[in-house]
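Written out below as structure tokens is the structure these notes cover.
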Amino acid sequence: MSVLHRVKLTVNGKTCEREVEARLLLSDFLRHDLGLTGTHVGCEHGVCGACTILLDGDPVRSCLILAVQADGRELMTVEGLAPAPGELHPLQQAFWEAHGLQCGFCTPGFLMTLVPFLEENPSPTEHEIRHAISGNLCRCTGYQHIVDAVQLAADRMETK
Amino acid sequence: MKPASFEYLAPDSLDAALDILAHRGGEAKLLAGGQSLIPVMNFRLAQPSLLVDLNRLRDLDYLREDGGGLRIGAMTRQRRLERDPLVPRLAPLLREAVPFIAHPQIRNRGTVGGSLAHADPAAELPAVAVALDARVRLQSARGERWVEAREFFAGLFTTVLEPDEMLVEVALPPPPALTGWAFLEVARRHGDYAQVGIAARVTLDEGGRCREARLVYLSVGDGPVEAREAARMLAGTDLSDEAIAAASDKASRDEMDPTGDIHASADFKRHLARVLTGRALRRAGARAQARAQAPGRGKE
């Protein structure tokens, strides 16, 4: 029957080890095997961006990677963003305040796309922000409030 | 589970990968960045029995200057093409095209070799490879061979790769002097598949007239489509509006056979190709002029 592969990886700073089938998607591994359901699964073919996570620091679609390929790698999901329980990452805080979300389904993907973007580009223009989020779909906000939230977060994170 | 079951092998050397292909090439599917393959596996449109993951072949992830040209390892991520300073210097057309490839998240995974070997007619890299006279190195346990990019693509999602071969490297020749370039495409949203795209290159002679032009299109046929007649018509002209209009008409009318879809009819695609040809030639021509007038131009 199906062969299992042992994977050992770091997720949000914690090491974990599991046995997985080769065909298990990384997005399903995170949600079902690790219980990290903050990573959302929308289209499952790389269009919507909801499942975006960081793989060794780079935003990638976890529905287009096999769990077995994450062996030895370092992952970060939306659960790893907040500095402590009861606190929010500045970008999360800005999304809240600027109404950067309504239903929230797309939000983890936006956050995981934008955190490395802001590290690389701490004071982006609106155009750069819109380019950065071009691979993430949001059906509620019309994107304007998301752009506002990013600008708010960028201002705060820069003056810190 | 979305994909159907498959056997998974992740060789950690090129020799080991080629050995697998030598014995089981007929049933194996190669996994590079996976940004096209995994979606079709998720839909079960593809159900390979053996998946050979190339992501441990770190030796194939490189950009290197070579005699004024650029060598690109097949497993080089597309994102790196946007960031490495060698690319704008040695292959500015490639640099201009990369941001049109899907989205940053996709380019973080997608590879140069994977995109070429996948041979999607709507993909940017195959058209750029043809426009730049790239050559690709195909390797197998039997040996290696070099193939011109324009000979590499053999039809819809099809290349001349044999079942036991792997594309391991792309070589771009040094950019010729007095040359300008342009990459343009029309898509319904940024990052979507192009309805039509063009990679254009113009080389001037000492007198400022067009010596050679290259026009290569995406999304208007079953692979990268080169308009050779239109390019020939441009040679010797001063790239006047009339010359550009004649070449644009020729290319869009006689040298492509686009298939319409629900978003763009074949006629509309021809229209887009005609308009994009004009814009690309004007931009490429202006860049070539600017290079001709730049101080210290010459041999490079």
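The values are calculated or read from the model by the stated rules, or taken from the named source; none is laboratory data. Since the model is a prediction, treat every value here as computed from it, not as a measurement. Neighbour counts run over all protein chains shown; Cβ positions are idealised from the backbone, glycine included.
Listed residues B:G180, B:G191; which is among the small types (G, A, S), in contact (Cβ under 8 Å) with a residue 60 or more places away in the chain and not in a strand (DSSP E or B)? When all the criteria are applied, what remains is B:G191.
Considering only residues in segment A:19-38 that are more than 13 Å from chain B (Cβ to nearest Cβ) and touching a residue at least 24 places away in the same chain (Cβ under 8 Å), the one that is nearest to A:T113 (Cα to Cα) turns out to be A:G38.
Flag: A:G46 does not match the condition of being within 19 Å of A:P116 (Cβ to Cβ), away from every other protein chain (no Cβ under 13 Å) and among the small types (G, A, S). The condition (being at pLDDT 95 or above and surrounded by fewer than 24 Cβ atoms within 10 Å (Cβ to Cβ)) is satisfied by just one residue among B:V130, B:V168, B:V136, B:V112: B:V168. Within segment A:120-144, residues that are farther than 19 Å from B:D192 by Cβ have Cβ atoms under 7 Å from residues that are assigned to a loop (DSSP other than H, G, I, E, B) and small (G, A, S) in these pairs: A:T141/A:G100, counting only partners at least 6 apart in sequence or on another chain. Out of A:L75, A:L111, one residue alone is among the hydrophobic types (A, V, I, L, M, F, W, C), more than 21 Å from A:H145 (Cα to Cα) and within 14 Å of the chain's Cα centre (by Cα). It is A:L75.
Considering only residues that are assigned to a helix (DSSP H, G or I) and free of Cβ contacts under 8 Å to residues at least 60 places away in the same chain, look in segment B:37-58 and name the one that is farthest from the other protein chains (Cβ to nearest Cβ). Once the filter is applied, the top-ranked residue is B:R58.
Yes/no per residue for (1) part of a loop (DSSP other than H, G, I, E, B); (2) within 30 Å of A:R6 (Cβ to Cβ); (3) away from chain B (no Cβ under 13 Å); (4) out of contact with any Lys or Arg (no Cβ under 7 Å at 6 or more places or on another chain):
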{"position": "A:Q93", "(1), (2), (3), (4)": "no, no, yes, yes"}
{"position": "A:Q102", "(1), (2), (3), (4)": "yes, no, yes, yes"}
{"position": "A:H127", "(1), (2), (3), (4)": "no, no, no, yes"}
{"position": "A:G135", "(1), (2), (3), (4)": "yes, no, no, yes"}
{"position": "A:R139", "(1), (2), (3), (4)": "yes, no, yes, yes"}
{"position": "A:H145", "(1), (2), (3), (4)": "no, no, yes, yes"}
{"position": "A:D148", "(1), (2), (3), (4)": "no, no, yes, yes"}
{"position": "A:A153", "(1), (2), (3), (4)": "no, no, yes, yes"}
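The residue of segment B:16-36 that is nearest to the other protein chains (Cβ to nearest Cβ), among those that are free of Cβ contacts under 8 Å to residues at least 40 places away in the same chain and either under 16 Å from B:L138 (Cα atoms) or not acidic (D, E) (or both), is B:L31. With respect to the stated conditions, B:I72 fails to be in a helix (DSSP H, G or I) and either in contact (Cβ under 8 Å) with a residue 24 or more places away in the chain or within 22 Å of B:A284 (Cβ to Cβ) (or both).
Restricting B:R135, B:R214, B:R150 to those that are within 19 Å of B:A91 (Cα to Cα) and without any contact (Cβ under 8 Å) to a residue 60 or more places away in the chain reduces the list to B:R135. B:D133 - would you say it is within 14 Å of the chain's Cα centre (by Cα) and over 16 Å from B:L218 (Cβ atoms)? Yes: the conditions hold for B:D133. Taken over segment A:19-48, the criterion of being exposed (fewer than 15 other Cβ atoms within 10 Å of the Cβ) and either of a type in the set (A, V, I, L, M) or under 19 Å from B:N108 (Cα atoms) (or both) is satisfied by no residue. B:P3 falls short of the stated requirement of being at pLDDT 95 or above, buried (at least 17 other Cβ atoms within 10 Å of the Cβ) and more than 12 Å from every other protein chain (Cβ to nearest Cβ). In the set (1) surrounded by 16 or more Cβ atoms within 10 Å (Cβ to Cβ); (2) over 20 Å from B:A32 (Cα atoms); (3) away from every other protein chain (no Cβ under 13 Å); (4) hydrophobic (A, V, I, L, M, F, W, C), A:C16 fails one condition alone, (1). A single entry from B:R214, B:R188 fulfils the requirement of being surrounded by fewer than 17 Cβ atoms within 10 Å (Cβ to Cβ) and within 28 Å of B:A119 (Cβ to Cβ): B:R188. Among the candidates B:R214, B:R189, B:R201, B:R232, the residue that is charged (D, E, K, R), modelled with pLDDT of 95 or more and more than 16 Å from the chain's Cα centre (by Cα) is uniquely B:R232.
Restricting attention to segment A:49-62, the residues that are surrounded by fewer than 24 Cβ atoms within 10 Å (Cβ to Cβ) and either in contact with a His (Cβ under 7 Å, 6 or more places away or on another chain) or more than 7 Å from chain B (Cβ to nearest Cβ) (or both) total 4.
Here's the yes/no breakdown for (1) closer than 23 Å to B:D192 by Cβ; (2) among the basic types (K, R):
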{"position": "A:G13", "(1), (2)": "no, no"}
{"position": "A:R23", "(1), (2)": "no, yes"}
{"position": "A:T37", "(1), (2)": "no, no"}
{"position": "A:H45", "(1), (2)": "yes, no"}
